[in-house]
Amino acid sequence: GCGIANEMRVVYFDFDSANLTPAAKAKLHVLADLIKSNGTVNARIVGYADVIGNGSYNQGLSLRRADAVANYLAAKGVTISGSSE
């Protein structure tokens, strides 16, 4: 529900990185538990980069960040469907 979305809305990454920080992993661990305890949750995972660097590079970094979140949640038992766009 809305409480989950509001609580877990943002996961930050280090500059120029798609590696999850310990703080990000802690937040995603809580999110995974919330999703599993609430049944089906429809959500969109979107990655972003800053404006430093060219658009093509930033698009790839954004996708790698979204994939890192999806992969972490899947490793914690959350069913992920869909694909990167």
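If you take the residues of segment 63-85 that are aliphatic (A, V, I, L, M) and part of a loop (DSSP other than H, G, I, E, B), which of them is most open to solvent (accessible area, probe 1.4 Å)?
I80
Which residues, counting only those in segment 50-85, are over 26 Å from S37 (Cβ atoms) and of a type in the set (A, V, I, L, M)?
V51, I52, L61, L63
Filtering segment 8-21 down to residues that are surrounded by fewer than 12 Cβ atoms within 10 Å (Cβ to Cβ) and under 17 Å from V46 (Cβ atoms), which residue is modelled with the highest pLDDT?
Result: Y12.
So, in segment 9-37, how many residues would count as being in a helix (DSSP H, G or I) and either over 16 Å from A74 (Cα atoms) or in contact (Cβ under 8 Å) with a residue 60 or more places away in the chain (or both)?
Step one: filter segment 9-37 for residues in a helix (DSSP H, G or I), giving 22-37.
Narrowing further to those that are either over 16 Å from A74 (Cα atoms) or in contact (Cβ under 8 Å) with a residue 60 or more places away in the chain (or both): 22-23.
Selection size over segment 9-37: 2.
Consider I4 against the criteria (1) surrounded by 12 or more Cβ atoms within 10 Å (Cβ to Cβ); (2) at pLDDT 85 or above: it satisfies all of them except one. Which criterion is unmet?
It is condition (2) that I4 fails.
For segment 30-55, name all the residues that are surrounded by 13 or more Cβ atoms within 10 Å (Cβ to Cβ) and touching a Ser or Thr at 6+ places or on another chain (Cβ under 8 Å).
G47, A49
Does A49 qualify as being assigned to a loop (DSSP other than H, G, I, E, B) and closer than 14 Å to F13 by Cβ? Write out each step before concluding.
Working: assigned to a loop (DSSP other than H, G, I, E, B): yes; closer than 14 Å to F13 by Cβ: yes.
So A49 passes the test.
Consider G60 carefully, then state whether it is in a loop (DSSP other than H, G, I, E, B), of a type in the set (G, A, S) and open to solvent by less than 90 Å² (accessible area, probe 1.4 Å).
Details: in a loop (DSSP other than H, G, I, E, B): no; of a type in the set (G, A, S): yes; open to solvent by less than 90 Å² (accessible area, probe 1.4 Å): yes.
Criteria not met by G60.
The values are calculated or read from the model by the stated rules, or taken from the named source; none is laboratory data. Model, not experiment: these values are computed from the prediction. As a convention, Cβ positions derive from the backbone with ideal geometry for all residues, glycine included, and neighbour counts pool all protein chains shown. We work out accessible area using only protein heavy atoms, side chains counted, and drop any ligands, DNA or RNA first. Shrake-Rupley method; radii C 1.70, N 1.55, O 1.52, S 1.80 Å.
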